[in-house]
Every structure is written in C-alpha cells, then in structure tokens.
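Structure first, then comments.
Derivation of every value follows stated rules applied to the coordinates shown; laboratory data play no part. Nothing here was measured: the structure is a model prediction, and the numbers come from that model. Neighbour counts are summed over all protein chains in view; Cβ atoms, including those assigned to glycine, are modelled from backbone coordinates with ideal geometry.
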Number of protein chains: 2
Amino acid sequence: MSHAADQPAGRGASRARANPADEGRSPLIGTLAVIGVGLIGGSFAAALRQASAVGRVLGVGRNADSLAQAESLGLIDSIATPEEAAAQADFILIATPISAVAPMLSRMKPVLRAEAVITDACSTKADVASAARDTLGERAVQFVPGHPIAGAELTGPGAADANLYRGRNVILTPLAQSGGAACGLVRRAWGLCGARVITMDADAHDRVLASVSHVPHFLSSVYMGQVAAAADADTRLALAGSGFRDFTRIAAGSAEVWRDIFLSNRKAVLAELRSVRATLDYAEQVLQASDEAALEAFLERAALARRLWASRSGQS
Amino acid sequence: MSHAADQPAGRGASRARANPADEGRSPLIGTLAVIGVGLIGGSFAAALRQASAVGRVLGVGRNADSLAQAESLGLIDSIATPEEAAAQADFILIATPISAVAPMLSRMKPVLRAEAVITDACSTKADVASAARDTLGERAVQFVPGHPIAGAELTGPGAADANLYRGRNVILTPLAQSGGAACGLVRRAWGLCGARVITMDADAHDRVLASVSHVPHFLSSVYMGQVAAAADADTRLALAGSGFRDFTRIAAGSAEVWRDIFLSNRKAVLAELRSVRATLDYAEQVLQASDEAALEAFLERAALARRLWASRSGQS
C-alpha cells in the first residue's frame, strides 16, 4: 500500500486543520487518548484531526521511540501513562495486540472518567468483549468493541495516514451492556474518518474474519515459511515475481499481533482450515489424475469469483 | 499492476519511435511475428518498437477481436496466419498457452525461414523443450525456450505495456541443439526490452518456478474457490479487505493458461505441495495446542523472510 506515502500525517498539515475547530465550535472529542500509536491508532488520530473533530490527543504505548516519533509527526500532542490518559480522555481507542487489552482496561478502570467512551481496533471481537465485560464490570456501558478493516502491512507511527479509513468498513460489535450514547459516539467518530460503519454480532464477526482475513494470513505465512526453509531458498527467492510478491505480502505482518489473532480466534480459524484442506484435497486429486477438464473448471470457478469480487468491491 | 495505465502502447507513440530506425541503420529484427498478442506478446512487440529494434510486426492468434485490437493499438502492423508468419518472420515469439506450442511449431516448420529464430514465453520449460525437439527436428537449432517472469493479472492486447519487462528476469533454457547465434539474438532482444537475462537448465527452472509461482497460484485458487463456495460467501466477500485482495489477486488469472502450467509441471507442483502441507501440519498443530511461543516463532520466521525478500528484491 502506498497511502502513507501519498499523504504523510505531518505535523504542519494536521495542526493547521485543527485550528478552525479551536476557534469556532468545540470539537466532537475534547481529549482523545490513543493506546498504541502505530498505523491503526495513528491513522485514527490523524483522520479525526483532519476532520477537526478532536481537541487534544494523548498517546500511550510501550515503545518510547514510537511515542516520540508520533509526537514529532504531530499525531499526538503529548505522551501519557494509561492512568493519565484514563483520567483525562473523553474518548479512548485501544489499538494494541489483543492480549494487551484486558491488562490495559484493568489499569484504566479505577481512574476512568464516567463520561468517557472506550473502543478498540482488534481483529477479533468475542475475546475482547469478554475481556471488557470481565474487567470493566458496570463500566462496560462505556465500552463498544470495534474493528476497522484496513491494511496493516506497514507498521508504526510513520505509516499513519489520515485517509487510511476512507471508504473502508469498520465493524462494531456492541456488548449487551454498551450504552446507546457510547455506540453513537463511536459510530460518529469512525464516520468522520470516512469509514462505513457496520454492526454485527461478535461471534459472526469472528467466523467471517477467520475466513477472509485470518486464514489468508495463516496460509501466506505457511507458504513463506516453507519457501524460506528450502535448501535452495536463495535461488527460489531471486526468481520470485509479482505473483509471489502479492501472495506473500501479508506474511510480513507483526508476529505478535497475528499470534494474538490466531489464538483468540483459534476454533474458527481451525474450522476454516479444515474446509480449505478439503478443497485442496480435491484440487490435488484432479491434478494428480491429470484431469484437464476438471482442473480447468476448478480454476475457472476461482477466477470468475475473484473477478466478480474485484468488480463489486472496486478493488483490483 | 498499473503499468498498462502508466504507459499505454498506443499507435502514435510506437509508430513515431519506429521511424528513426527505418531511416537510419536497419533494426535488430526486420520482421517480428508474435503468436498470441496479449499482455506478454503485445508487451514484447511494444518494447522492441520502443527500442527501435523491429521493422514490421505480424500478429497471429485464435481470437479475431484480440488481433483487431492489437492492430488498432499499433502493437502489430498486420494480421497473419501461422504459415504466413513463418514464411516472413526473422524472429518469432510464441506467447500462447503451453498446449498450443507443439501444434503451432508443426504448422510453421514446413515454411520456416532457415535464418529465423524462434523463442517462447511459456511458464514451464521441460515440456516446451521436448515439444520443440520432437516437432522441429533438425530445425531445433533455431529454437531457444524462454520465460519472462512478469505479471499477468491483466490480460489481452489492451494490457500490453512497452515497459512490462524493464528490470524483470527472463530465463532462457537453451536446448542442447539451440544454436549460438539464435541464443545470442534472443538474449539481445530481451535485453532491449530492459530485462535481465538468466540461463538455466529446464528442469531446474521448472522446480524453482513450481515453488515461487505455480504453488502460490494453486493455493490462491484453492482458497478463493473455498470462500466462494461457502453458504455465506456474499457476507464474507463484502468484508474482505486489502490482505484478501493481494492474497487472491493471482487467482483471477486465465484458467486455460494455468491449467496448462499445472499439467505441464505436475510432478514438481505436487512435490512442492507435499512440502507445503508438512509446514501447514506443523503450524496447525501449534495453533491447535495454543502454543504461544512456537506460534509466534513460526510467524516471526515467515515475516522476517518476507521482509528480507522485500528489501533485497526492491519489491514491497
């Protein structure tokens, strides 16, 4: 993806956009806290700044270099601890690996402002929902789980892009406890980022995403690992072309983030892999038998499905 | 890929480039015949025209619409039968599905000019080599099998691009019979297209390409077919993002072309798939066991290998 290069979230541009709101009506969100200021969190902050929808942005994270970079890029106004962020923020986005969500909510809960709204950007939702219910208790009314479906081959604050979410889907999976006002604010914030907001059941989300996101990543990593482990890996990789490039691009993603996604959505991913193996068995049998007609029909079905998706989705 | 849009191979541009050669020294190739005027053949013609390396281009093909389009785009000067092309051409590129190569060589052989050089652009080389040996006999001295490693998600003359081969690898796998002059001319022609020319043994080529090209295509088609066959395919596909887009892009390729590739390279593809299955078995066992450390280590090896490839190859 080239969006980071297309429109860097530089200090000058984002600050200039924030000023009119300061001078006129107050922004949608007075103080935003972003927990994990990388591609996802940084782009959210940049998009809301560009929409003049945020007053002040606090950044929270484990990595001091990333926080310093986010500050120097103007993505955040200042660096905060989780407790400082919780005590000051009107809106909190948690954009960390899934396993960090529950510990983060535990640290923030005692000092969380009563009117604050919290959401997250994790790729699985059932685990996040139960972490929120278990950790927040009665404060779960303030929490609305969410998942922006936006690319993440690039990582870190340097990849943040105010236009990352434009035209992308963001799925919200509200808890039974989530308050209407909280849902409304989260929906509005993503809408101001240019996203299309969809509401789904958390389990349905996890099953669908196992299929269209987690399994492709798993297979891409398996394949990349297999090629790299070959005795003649260097020769192979020297002759790899654009098909290889696209097929393996997702395998470069963060191992920590994807470890959490696979573990968090283990059952659904394993179920989908069983189904993929059944299709692989069929295709291999057809090839083994040199069955020309069946092989072509199989390839044609996949090609037509992919071309139809491209024309419907507007993505090539 | 966007190269077709970046630089359309229009009539005006290519004709203008050909003129200086006509007026001054004679071009490298007097009459070029391209058998199959799609992305691969059309781009070869356009690249040689741009380099003022070709006098006249004849186009041969099964599809009258494609030939008419190639002519109106200025990729070819006129349409010819295989026999007409063989009787006139100094250089012949066969850019058809693999199964069409032997019948085409049989038709051309009786009228082939003694000084003509023939090459092909097929994705497997052992089958093409034996087809050439069996069909051409003593004329095999004129044949040099080749394989340009360049993207083919787009098809047809409209996708042809004079810069498609710039910086790409082209692998030649000369027959024992291939003449030195023929090898030299094929090498020079690809060089003028901007390609890096590599010579390899045909079997080694087929094993390496089974790994880095054919297996990714097979897996991408298997996965795409599995998703499209699901009862809730529409919901899944509506929520597919950029990872899905890249992982499945190759599955949109021509079913006929890929049927031939898989059948032609069946043993090597099946051997590689066995190795991929062994890696998949391992990764699934680790996930099944919720082994956090092993899962992260597995993902990290794949991610590092992919990032290293990106930095070495200059492709992201």
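Taking only DSSP H segments of four or more residues, each worth -39500 (n - 2.57), what value at 222 nm results for the protein assembly as shown once the sum is divided by all its residues, to the nearest 500 deg cm²/dmol? Numbers along the way, then the final one.
Working: 30 runs with 334 residues, N = 632.
Counting only the DSSP helices, I get -16000 deg cm²/dmol.
Whole-Å semi-axes of chain A's equivalent ellipsoid, largest first, each the root of 5 times a Cα gyration tensor eigenvalue? Write out the running numbers ahead of the final one.
Values: eigenvalues 291, 98, 68 Å².
Output for chain A: semi-axes of 38, 22, 18 Å.
With axes computed from alpha carbons, what is the tilt in degrees of helix A:255-264 against the longest principal axis of chain A, rounded to the nearest 10 within 0 to 90?
So the inclination is approximately 80 degrees.
Using amide H atoms built 1.01 Å from N in the peptide plane, name the residues 5+ places from B:Ile92, or on other chains, whose amide H lies under 5 Å from its own.
Long-range HN contacts for B:Ile92: B:Ala33, B:Val117, B:Ile118, B:Thr119.
Provide the net charge surrounding B:Ala100, with neighbours chosen by a C-beta distance below 9 Å and charges set as Lys +1, Arg +1, Asp -1, Glu -1.
Net charge in that neighbourhood comes out at 0.
If you add up the charges near B:Trp190, with Lys and Arg at +1 and Asp and Glu at -1, over every other residue whose beta carbon is less than 14 angstrom from its beta carbon, what do you get?
Numbers: positive: B:Arg166, B:Arg168, B:Arg187, B:Arg188, B:Arg196; negative: B:Asp120.
Local net charge: +4.
Looking at the protein assembly as shown, how many pairs of lysines come closer than 26 Å at the Cα, when each pair is eight or more places apart or spans two chains?
Working: A:Lys109/A:Lys125; A:Lys125/A:Lys267; B:Lys109/B:Lys125; B:Lys125/B:Lys267.
So the count works out to 4.
Give me a single rounded figure for B:272-285: the average over its residues of other chain Cβ atoms within 10 Å of their Cβ. Can you show the working numbers first?
On the way: counts 4, 6, 1, 4, 7, 5, 3, 8, 10, 2, 3, 8, 7, 0.
Other-chain Cβ atoms within 10 Å of each residue's Cβ, averaged: 5.
Give me the percent of Cα-Cα pairs in the protein assembly as shown that sit more than 31 Å apart, rounded to a whole number. Numbers along the way, then the final one.
Values: 110848 of 199396 pairs.
Everything past 31 Å amounts to 56 percent.
What is the distance in Å between the Cα centres of segment B:109-176 and segment A:245-316?
31
Between chains A and B there is a rotation axis; tell me the chain A residue with the nearest beta carbon and how many whole Å away it sits.
Closest to the axis: A:Asp246, 2.
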